[in-house]
Amino acid sequence: MAENQLNGQQVLLLPEGASRVIGRDAQRTNIAVAVAVAGAVKTTLGPKGMDKMLVSDLGDVVITNDGATILQEMNVEHPVAKIMVNIAKTQDKEVGDGTTSVVILAGELLKGAGDLLDQGIHPTTVIRGYKMASEKASSIVSEYARKVNVEDDKTLEKIAMVSMGSKNVGDEQTKLLLSRMVIKAVRQVMDKEASGKVVVDHDFIKVEKKAGGSVANTEFINGVLVDKEVAHPGMPKSIANAKIALLDLAFEIEKTETDARIEITSPEQMQSFLQQEESILKDMAEKVKKSGANVIFTQKGIDDVAQHFLSKMGIMAIRRVKKSDMEKLARATKAKLVTSLDDLSSQDLGNAGMVEERKISGEHMVFVEKCKDPKSVTIFVRGSSEQVVDEAERSITDVIGAVSSAVIDGKYVMGGGSIEIDVANGLREYSSNVGGREQLAIQKFADALEAIPKTLSESAGMDAIDTLVQLRNKHKTKSGETFGVDIFRNSVGDMEKSGIFEPLKVKTQAITSASEAAEIILRIDDMISSRGKSHGAPGGMPGGGPMGGMDSD
Ligand code: ADP
Ligand code: MG
């Protein structure tokens, strides 16, 4: 409990039951928590990293190698742990890959900071040093970056394969198949602005999944796969050269909102009332027909009677389609979303070579495919079990992130811990030009980066210290600049030769987020938790994510 003395009188700052940790104790605890969180994901790094199995209270099982997923599923309580989880989430959102690395890096930065605090260096000095190091590190990474353009199949394939490499999704051939699908998808949905700037909106690469078959059966769809069924059994199940209307309206009689009641006093009146309703619905179906559409997707419902008329006219209808799917359908088929049937004309319709309902593992799904130059595509993931498709989906999402970052920035660097050695060497050199105690923080920053090659070599059963020494020396020569941990040969090796490439953005984002998180955590010297209030971590989050937003996605 927090108590202060004022003229001999006790002043209570906090209500009874509240707890408080101040100063070095707070920092020590927070650093320990961050290091523990990093420790939890460390063993999963790289292609020889292990998987984690997470089991929920309800018995749901997740098997994964993905840093962000592991942390999210772990349901951590401590506010500092939540900050660590959030940096993984930010990394996931901003780049889609490098989530384990960012957490390891943040953990190492804090461990290093802990050493400096123990030596009596003030946290603000450490923070200042880390800031300088982080800026310098980003500029060093960029100096080493190489160019890649959208057409460069070979390089993009390598970037994709490395990103997929650490995930357990099948043999090399399957990984290559998935990598190629992702590259095709990114190319298909990207836009090139007049300035030459490339924009890729991940949302338009839909990753749909269904257990069944094997990962090698994963399909690329030139269009959108909608997890819905055709509304009425009498409707066609397959339409070639589809003319598609996208609607945001209900095929239902609008219920009056006022209290007006209709008094029906005779069977004849009832009959005429029903006929009137029927004719309104028939009229709606006819408006669709008149537009020339033979397939409709609507966000809202379709009354049974309307379904009947639509099916008699040979129109395929899919109802209650998600808004996000409607947007994808619009980009894929070039249809315009219409909110009133009176406005629907042939010009609003989109096209697809084929719209077909198929039964996949016992469930109906609607394939809108063979679209011409679609700006929205689907990767339909298959696999022998829920766990397998889930992990395949996660790795495909990572690869989409990696490939699009590479395409957007047009830059990549050498993986396998190679770039981290370059940056660490560069930082050590830089630190000698920086006077004062900040220099020590910059050196700690360099050490933290080396945790990546260190962890990779440990995962391969190599001696981490020997590997580091060899790599540091190699990197001092021009011909050794591209050396990193050759996981599969258990030695140091040329990453350029083995094609271990990673997007520049994965590295710059990880460096920035990790050092921002370390800063936030180091600034805390007072942890107060009061009864009845939920734990809110102090400070803002890098990337602007909400604090403790564990269950927001
Ligand atoms: P993250 O979530 O940080 O992306 P990963 O488990 O995907 O973690 O591991 C990424 C690290 O593994 C990167 O440092 C990358 O360079 C390295 N890596 C991936 N494939 C190889 C490989 N074949 N040889 C050496 N290092 C690799
Ligand atoms: Mg990765």
query: How many residues, within region 477-527, are touching a strand residue (DSSP E or B) at 6+ places or on another chain (Cβ under 7 Å) and of a type in the set (Asp, Glu)?
result: 6
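Condition check ((1) among the hydrophobic types (A, V, I, L, M, F, W, C); (2) under 19 Å from the mean Cα position of the chain (by Cα)) across all residues:
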residue: Thr155; (1), (2): no, no
residue: Lys197; (1), (2): no, no
residue: Phe204; (1), (2): yes, yes
residue: Ala211; (1), (2): yes, no
statement: Restricting attention to region 479-497, the residues that are over 19 Å from Ile465 (Cα atoms) and within 16 Å of ligand 2 (Cβ to nearest atom) number exactly 1
- prompt: Restricted to region 147-156, and to residues that are buried (at least 18 other Cβ atoms within 10 Å of the Cβ) and outside any helix (DSSP H, G or I), which residue is nearest to ligand 1 (Cβ to nearest atom)?
  reply: Val148
- request: Find the residue count for region 277-318, including only residues that are assigned to a loop (DSSP other than H, G, I, E, B) and touching a Pro at 6+ places or on another chain (Cβ under 7 Å).
  value: 1
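Tell me which residues, restricted to region 162-175, are more than 14 Å from ligand 1 (Cβ to nearest atom) and outside any loop (DSSP other than H, G, I, E, B).
So in region 162-175, the residues more than 14 Å from ligand 1 (Cβ to nearest atom) come out as 170-171, 173-174.
Hits for region 162-175 are Gln173, Thr174.
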- request: Test Gly96 against the stated conditions and say whether it is at positive phi and crowded, with 19+ Cβ neighbours inside 10 Å.
  value: yes
task: Count, please, the residues in region 79-101 that happen to be touching a residue at least 60 places away in the same chain (Cβ under 8 Å) and over 14 Å from the mean Cα position of the chain (by Cα).
output: 6
- line: Listed by first then second residue, the pairs whose first member lies in region 56-68 and is assigned to a loop (DSSP other than H, G, I, E, B), whose partner is open to solvent by 60 Å² or more (accessible area, probe 1.4 Å) and of a type in the set (Ser, Thr, Tyr), with beta carbons under 9 Å and at least 6 positions apart or on separate chains, are Asp66/Thr397
task: Report yes if some residue within region 50-63 is at pLDDT below 90, more than 16 Å from ligand 1 (Cβ to nearest atom) and of a type in the set (Ser, Thr, Tyr); otherwise report no.
output: yes
Residues of region 70-84 satisfying the condition of being more than 10 Å from ligand 1 (Cβ to nearest atom) and part of a helix (DSSP H, G or I): Leu71, Gln72, Glu73, Met74, Pro79, Val80, Ala81, Lys82, Ile83, Met84
- request: Please go through region 493-511 and pick out each residue that is touching a Gly at 6+ places or on another chain (Cβ under 9 Å) and among the β-branched types (Val, Ile, Thr).
  value: Ile500, Val506
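Conditions tested, residue by residue: (1) of a type in the set (A, V, I, L, M, F, W, C); (2) touching a His at 6+ places or on another chain (Cβ under 8 Å); (3) surrounded by fewer than 23 Cβ atoms within 10 Å (Cβ to Cβ).
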{"residue": "Met316", "(1), (2), (3)": "yes, no, no"}
{"residue": "Gln347", "(1), (2), (3)": "no, no, yes"}
{"residue": "Met365", "(1), (2), (3)": "yes, no, yes"}
{"residue": "Lys370", "(1), (2), (3)": "no, no, yes"}
field: Of the criteria (1) within 38 Å of the chain's Cα centre (by Cα); (2) open to solvent by 70 Å² or more (accessible area, probe 1.4 Å), which one Gln271 fails
entry: (1)
task: For region 199-222, indicate whether the set of residues that are in a strand (DSSP E or B), small (Gly, Ala, Ser) and open to solvent by less than 60 Å² (accessible area, probe 1.4 Å) is non-empty.
output: yes
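Step by step: first the residues of region 176-189, then only those that are open to solvent by less than 30 Å² (accessible area, probe 1.4 Å) and in contact with a strand residue (DSSP E or B) (Cβ under 9 Å, 6 or more places away or on another chain), then the one that is farthest from ligand 1 (Cβ to nearest atom). Which residue is that? Break it down stepwise before answering.
Step one: filter region 176-189 for residues open to solvent by less than 30 Å² (accessible area, probe 1.4 Å), giving 178-179, 181-183, 185-186, 189.
If we keep only those that are in contact with a strand residue (DSSP E or B) (Cβ under 9 Å, 6 or more places away or on another chain) as well, we get 178, 181-182, 185-186, 189.
Values: Leu178: 15, Met181: 19, Val182: 15, Ala185: 20, Val186: 18, Val189: 23 Å.
Among those that are open to solvent by less than 30 Å² (accessible area, probe 1.4 Å) and in contact with a strand residue (DSSP E or B) (Cβ under 9 Å, 6 or more places away or on another chain), it is Val189.
Scan region 389-421 residue by residue and report those that are over 20 Å from Lys167 (Cβ atoms) and crowded, with 22+ Cβ neighbours inside 10 Å. Write out each step before concluding.
At the first step, the residues of region 389-421 found to be over 20 Å from Lys167 (Cβ atoms) are 407-411, 413-414, 418-421.
Matches in region 389-421: Val407, Val413, Met414, Ser418, Ile419, Glu420, Ile421.
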query: Can you tell me which residues in region 501-517 are under 14 Å from Lys89 (Cβ atoms), open to solvent by 30 Å² or more (accessible area, probe 1.4 Å) and not polar (S, T, N, Q)?
result: Glu516
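Confirm whether Leu117 is within 16 Å of ligand 2 (Cβ to nearest atom), touching a residue at least 12 places away in the same chain (Cβ under 8 Å) and not assigned by TED's automatic domain parsing to the domain that holds Ile396. Steps first, answer last, please.
Working: within 16 Å of ligand 2 (Cβ to nearest atom): no; touching a residue at least 12 places away in the same chain (Cβ under 8 Å): yes; not assigned by TED's automatic domain parsing to the domain that holds Ile396: yes.
Judged against the criteria, Leu117 is not a match.
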- line: Being assigned to a helix (DSSP H, G or I), within 16 Å of ligand 1 (Cβ to nearest atom) and either surrounded by fewer than 22 Cβ atoms within 10 Å (Cβ to Cβ) or at pLDDT 95 or above (or both) narrows Ile159, Ile140, Ile87 down to just Ile159
query: On the given criteria, is Val230 assigned to a loop (DSSP other than H, G, I, E, B), among the β-branched types (Val, Ile, Thr) and crowded, with 16+ Cβ neighbours inside 10 Å?
result: yes
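Filter region 435-455 down to the residues that are without any contact (Cβ under 8 Å) to a residue 60 or more places away in the chain and outside any loop (DSSP other than H, G, I, E, B) and list them by number. Quick ask: steps written out before the conclusion?
Initially, region 435-455 is screened for residues without any contact (Cβ under 8 Å) to a residue 60 or more places away in the chain, giving 435, 443, 450, 453-454.
Of everything in region 435-455, those that are without any contact (Cβ under 8 Å) to a residue 60 or more places away in the chain and outside any loop (DSSP other than H, G, I, E, B) turn out to be Gln443, Pro453, Lys454.
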message: Every residue in region 289-302 that is within 39 Å of the chain's Cα centre (by Cα) and either within 16 Å of Ala335 (Cα to Cα) or crowded, with 19+ Cβ neighbours inside 10 Å (or both), please.
response: Ala293, Asn294, Val295, Ile296, Phe297, Thr298, Gln299, Ile302
query: Looking at region 43-101, which of the residues that are within 15 Å of ligand 2 (Cβ to nearest atom) and among the small types (Gly, Ala, Ser) is nearest to Ser529 (Cα to Cα)?
result: Ala88
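Does Leu109 meet the test of being in a helix (DSSP H, G or I), within 16 Å of ligand 2 (Cβ to nearest atom), open to solvent by less than 50 Å² (accessible area, probe 1.4 Å) and hydrophobic (A, V, I, L, M, F, W, C)?
Values: in a helix (DSSP H, G or I): yes; within 16 Å of ligand 2 (Cβ to nearest atom): no; open to solvent by less than 50 Å² (accessible area, probe 1.4 Å): yes; hydrophobic (A, V, I, L, M, F, W, C): yes.
Answer is no for this residue.
The values are calculated or read from the model by the stated rules, or taken from the named source; none is laboratory data. Worth saying up front: this structure is predicted, and the values here are computed from it rather than measured. Because the Cβ atoms are built from the backbone with ideal geometry, glycine has one as well, and the counts that use them run over all protein chains shown. Just so you know, the surface numbers come from the protein's heavy atoms only, side chains and all, with ligands and any DNA or RNA stripped out. Shrake-Rupley method; radii C 1.70, N 1.55, O 1.52, S 1.80 Å.
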